[in-house]
């Protein structure tokens with residue numbers, strides 16, 4: 001299927017890391033998604049633009065973070081130049097529609113793999129496993145975790161796994177929904193809500209931007225495997241991405257991507273999770 005899976009440096013051109021070199025030797029079977037993207041010489045990737053450490057649009061207008069680095073490991077293996085990778089903002093609620101409508105070729109956006117989503121899209125990965133937690137104001141002493149949220153206004157985002165989870169683990173909480181987590185952080189800072197819930201690493205990114213305002217409480221209470229979303233039934237593309245991820249685990253590109261992004265707040269680089277080569 002693939003002549004060579006690109007083993008390229010994963011440092012960003014913008015952060016002073018190694019210069020990325022797309023795999024010039026990439027060769028794919030005619031008619032596959034990989035061949036179509038390689039021959040077109042461009043790709044559209046959905047990611048978050050407001051998620052510090054994972055997908056955040058920087059001052060130059062380019063997204064950066066762990067999800068971006070993971071996406072570029074895949075696009076490098078396709079032989080697509082970095083300046084031909086078009087990142088478009090993809091919030092939690094529109095990830096499946098964007099894939100189904102063909103508005104993006106893949107989504108790498110803190111995208112938890114679950115059975116409900118598998119009914120309409122497919123996933124490669126996971127490439128990371130997060131855990132849901134609770135963020136409160138730095139001086140808050142009332143909320144100590146998920147079991148102290150009764151009657152509290154808890155913010156999450158529409159279409160997200162954390163929003164569904166909090167309805168189950170804290171049914172007496174008042175759930176407030178926005179489209180992006182940065183609005184939840186603003187609402188918490190302005191005392192419009194009492195807490196924010198999502199994956200711990202996303203919350204750590206919000207705390208990293210404003211360490212004097214927020215803190216985490218209660219540890220984690222779920223496991224959230226992040227995957228790369230693609231069109232349902234494209235098993236050849238799914239296999240290619242899984243092979244590419246596994247290669248990056250072995251040659252250090254995954255670890256380098258983690259340490260240069262999430263590693264800013266989580267100094268211990270974890271072992272990457274095993275790829276789940278499930279069948280629909």
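The values are calculated or read from the model by the stated rules, or taken from the named source; none is laboratory data. Bear in mind the structure is a predicted one, so any value in this text is a computation, not a measurement. Cβ: placed from backbone, ideal geometry, glycine included. Neighbour counts: every protein chain shown.
Hey, among the residues in segment 77-93 that are in contact (Cβ under 8 Å) with a residue 60 or more places away in the chain and assigned to a loop (DSSP other than H, G, I, E, B), which one's farthest from the chain's Cα centre (by Cα)?
Once the filter is applied, the top-ranked residue is 79.
When you check residue 229 against the structure, is it part of a strand (DSSP E or B), buried (at least 18 other Cβ atoms within 10 Å of the Cβ) and either in contact (Cβ under 8 Å) with a residue 24 or more places away in the chain or touching a strand residue (DSSP E or B) at 6+ places or on another chain (Cβ under 6 Å) (or both), yes or no?
Yes: the conditions hold for residue 229.
Can you confirm whether residue 219 is surrounded by fewer than 19 Cβ atoms within 10 Å (Cβ to Cβ) and more than 25 Å from residue 47 (Cα to Cα)?
So residue 219 fits the description; yes.
Going by what's in this entry, would residue 210 be described as at pLDDT 95 or above and over 17 Å from the mean Cα position of the chain (by Cα)? Write out each step before concluding.
Numbers: at pLDDT 95 or above: no; over 17 Å from the mean Cα position of the chain (by Cα): yes.
For residue 210, the condition - at pLDDT 95 or above and over 17 Å from the mean Cα position of the chain (by Cα) - is not met.
With (1) within 22 Å of residue 263 (Cα to Cα); (2) part of a loop (DSSP other than H, G, I, E, B); (3) at pLDDT 95 or above as the list, and residue 74 as the residue in question, which single condition is left unmet?
Result: residue 74 fails condition (2) only.
Which one is surrounded by the most Cβ atoms within 10 Å (Cβ to Cβ) among residues in segment 249-279 that are more than 19 Å from residue 53 (Cα to Cα) and in contact with a helix residue (DSSP H, G or I) (Cβ under 7 Å, 6 or more places away or on another chain)?
Going through the qualifying residues, I end up with 275.
For segment 163-184, give me each residue that is free of Cβ contacts under 8 Å to residues at least 60 places away in the same chain and either crowded, with 19+ Cβ neighbours inside 10 Å or touching a helix residue (DSSP H, G or I) at 6+ places or on another chain (Cβ under 9 Å) (or both). Lay out the reasoning, then the answer.
Kept after step one, since they are free of Cβ contacts under 8 Å to residues at least 60 places away in the same chain, are these residues of segment 163-184: 163-178, 183-184.
Answer for segment 163-184, where residues must be free of Cβ contacts under 8 Å to residues at least 60 places away in the same chain and either crowded, with 19+ Cβ neighbours inside 10 Å or touching a helix residue (DSSP H, G or I) at 6+ places or on another chain (Cβ under 9 Å) (or both): 163, 164, 165, 166, 169, 170, 173, 175, 176, 177, 178, 184.
How many of the residues making up segment 94-124 are touching a helix residue (DSSP H, G or I) at 6+ places or on another chain (Cβ under 6 Å) and assigned to a strand (DSSP E or B)?
Within segment 94-124, residues that are touching a helix residue (DSSP H, G or I) at 6+ places or on another chain (Cβ under 6 Å) and assigned to a strand (DSSP E or B) number 5.
Select from segment 125-177 the residues that are farther than 16 Å from residue 196 by Cβ and either part of a strand (DSSP E or B) or in the same structural domain as residue 240 (by TED's automatic domain parsing) (or both) and list them in ascending order.
125, 126, 127, 128, 129
Could you please find all residues in segment 66-87 being within 17 Å of residue 180 (Cβ to Cβ) and in contact with a helix residue (DSSP H, G or I) (Cβ under 8 Å, 6 or more places away or on another chain)?
Scanning segment 66-87 gives a single hit, 87.
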